[in-house]
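Notes follow the structure.
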């Protein structure tokens, strides 16, 4: 079941293995930028930069939004962290419910035993 | 035998796990120390559901709990919370009800993008493994649920929950 999380971590590491992509993250840490801005800054074709941004986006490290004809990129690094925190809280919610459910279940078990004994007697 | 049962210590609490298993799925698991028919009964009897679905410790109270647990039947849970200006409603439809083994229901309170939940009850050696599977219609729908959960009023409920867990943890430590 941890496969999905692992796959995303793998994607993050793969994304970070490239110097240009690390540079792009650093750049976006300072300010949001369009793909054209990034292509100019890293002296790359628009298509080349689109590919790099695509890899970062796939890994959840960057998010992009298209407004008019400009696609703006921003850092999205907090996503995985937020999700982990949310999942933990979701687990706590169910955990507390299940503690109460344990009590109900124990009571039903006791009742079943008592009823069973009555029938046998 | 009966006397022993009275003095038996509370069994160790079984752990709950949560996992996002794909872009649109969440899975919750938990084992219960009872046969599946008993756990299933607690999930499908409104008076029993009421006792555990909204634990007292949340500060949430059930205003009403209607559940017509059969294939095609509907449910509607209404909760009140001192901090909420109006009651919170959760409702949907049971798509599948297979006694003692499987429950499938929709979560229709959101305008769109509600998950379909499948709960399976697997009995083994007198214990029951519950696996609850939430399938969202899209990655965006699950992402949105996560995003709203981490920013909205849920935070307050969770703070109370944190306090409760600390107190539960310390009482476990003492026993």
Worksheet, complete the sentence: Given the conditions (1) within 30 Å of residue A:76 (Cα to Cα); (2) outside any loop (DSSP other than H, G, I, E, B); (3) at pLDDT below 85, every one holds for residue B:170 apart from (1)
Item to complete: Those residues that are touching a helix residue (DSSP H, G or I) at 6+ places or on another chain (Cβ under 9 Å), more than 30 Å from residue A:84 (Cβ to Cβ), more than 7 Å from chain A (Cβ to nearest Cβ) and modelled with pLDDT of 85 or more, I need them from the stretch B:1-36; list them, please.
Response: B:35
Fill in: the stretch A:16-45 residues that are on the phi < 0 side of the Ramachandran plot, paired with ones that are surrounded by 13 or more Cβ atoms within 10 Å (Cβ to Cβ) and in a loop (DSSP other than H, G, I, E, B) (beta carbon under 6 Å, 6 or more apart)
A:20/A:42
Practice prompt. Please find, among A:95, A:88, the residue that is under 30 Å from residue B:128 (Cα atoms) and buried (at least 17 other Cβ atoms within 10 Å of the Cβ).
Written response: A:95
Discussion item. Please pick out the residue among B:39, B:69, B:78 that is away from chain A (no Cβ under 14 Å), surrounded by 15 or more Cβ atoms within 10 Å (Cβ to Cβ) and outside any strand (DSSP E or B).
Written reply: B:69
Practice prompt. Just need a number here: residues in the stretch A:46-96 that are assigned to a helix (DSSP H, G or I) and either assigned by TED's automatic domain parsing to the domain that holds residue A:23 or farther than 30 Å from residue B:32 by Cβ (or both).
Written response: 18
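The values are calculated or read from the model by the stated rules, or taken from the named source; none is laboratory data. Remember, it's a predicted structure, so these values are computed and weren't measured experimentally. Virtual Cβ from ideal backbone geometry, glycine too; neighbours counted across all protein chains shown.
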